[in-house]
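Every number here is computed from the coordinates shown, using simple stated rules; none is lab data. This structure is a prediction, so every number in the text was calculated from the model and none was measured. Glycine also receives a Cβ, built like all others from the backbone with ideal geometry; neighbour counts cover every protein chain displayed.
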């Protein structure tokens, strides 16, 4: 032990968090754009935007549907910027085959609309980012005012080896994402191989709908009453090429069932209101895994070909969520963690057992996330494994 | 494909294609940000790390083409950091005070002693020592970052280590005894 070792150990747990990285990337790309786009080109973009708006107004006057106009529409600078950030930030994963996402190029050539969907909460836009490397990455946007919020979708590359129907489910949020309960819709979407000429979406209780295919992509909103669905892909002669079953749990389905039928329930508890709540590990259809939290029999699936697969470490990686008056801490307390201490700002604390390092804990009545000062993980011998101080503004509403 | 260009190549490429600079950012932002965060705390570090990469982008034409951009980036960060020396000192003394105000009779924690030792150094010596200890730069890389002769780096580092060794002697002894 010498002075250098002591100095190196000082504050060594400090790390660069994802939010700082995302914010900095956003700032840098904005800076690059400001420095790189000459003034005359900026003016040309503004003129193009005005022309596009005029075209949309004219089309509306003649009764055309906006959906037709959206296809191929260049993305706004704000959307482009967000997409660039997202795609650069999420490790540039391009789906190449089962369980084999690989890094891909993310420098964009074009960003344009693929299709829109009408939902009870508003329009959902499916954007396509066509990269210089020949990949196309998708992202969904809920039509909200102000800054666009994008949910990453599949990335398909020139070398992608996929089944005839490659599908995934994604939640698309509407509203202010700083709010704990952002309303969202679930979208089932995917990509088809060239041989697939049509794809039908069928509900188990009957009813079928032929889905529109644009640039190999399809998308449909999942009804709130979840059930089993089937996607059937056919070639031009009507021969069936692929049949994919999609299982989704719903509020009316009673006991918790694994979303997508491939999930493992890690922890299951009953909330104070008697609702079953679960922490599940999804095996994603396009490879990797995602940790999700289900409440009231429903929930979201955060599988995304772009998102890095969930991996366990010794560190605390928990989420905060809930509904109504219930607030839950859920997620990974660290693979070596046996107990997690929740330290409140009033210097009181509670110790929560974390089976196999997983945590699913409902805060007592009267406690809110913003009251938490720090999470401290201990192993089975009572030794401190790690800690996570929580900034007050993380939970600011 | 993963970008296997060196930093120098990526920076040269960013002259034609400015977005290529993002590669340099992706490689080094985490380390530079972590270094600044250890020195200044999260709030200032976020701002300063952003400024570092924006300044680096603006100055990329003057980059010397070295394969590893870390010394250059830490050099920019160090220049920007000089505006915040008082913040750093306040932060270090806050550690010391927190330990000193403890009501129990226990000796100050290791972190408090280290903070005190770092705070006691001159800004130049502190900068050299922390680039070595926290940013993992070699003598030559520190010299490049701070635009100093290697000999100056060597003497600053020697002075800083001697001073901190004296100040941390009780902690070193305690650690050895606790074994």
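Taken over the Cα atoms of chain B, the convex hull encloses 140 Å³ per residue. The label point for residue B:87 and the one for residue A:19, both projected 7 Å from the Cα toward the Cβ, are 1.7 nm apart. For the pair residue A:313 and residue A:210, the difference between a 0.36 nm per residue extended length and the Cα-Cα distance amounts to 32.7 nm.
Protection proxy ranking of B:29-37, A:312-320, B:144-152, by the mean of other Cβ atoms within 10 Å over each peptide's residues and highest first, is B:29-37, A:312-320, B:144-152. The label point for residue A:245 and the one for residue A:5, both projected 7 Å from the Cα toward the Cβ, are 5.9 nm apart. Multiplying the residue separation of residue B:148 and residue B:16 by 0.36 nm and subtracting their alpha-carbon distance yields 44.4 nm.
Which order, highest average first, do B:114-125, A:342-353 follow once you tally other Cβ atoms within 10 Å for each residue and take the mean per peptide?
B:114-125, A:342-353
Neighbouring Cβ atoms from other chains, within 10 Å of the Cβ of residues in B:46-59, number 4 on average. Among A:132-138, A:367-373, A:235-241, A:207-213, the peptide with the highest mean count of other Cβ atoms within 10 Å heads the list, and the full ranking is A:132-138, A:367-373, A:207-213, A:235-241. Counts of other chain beta carbons within 10 angstrom of each beta carbon in peptide B:37-45 average 3.
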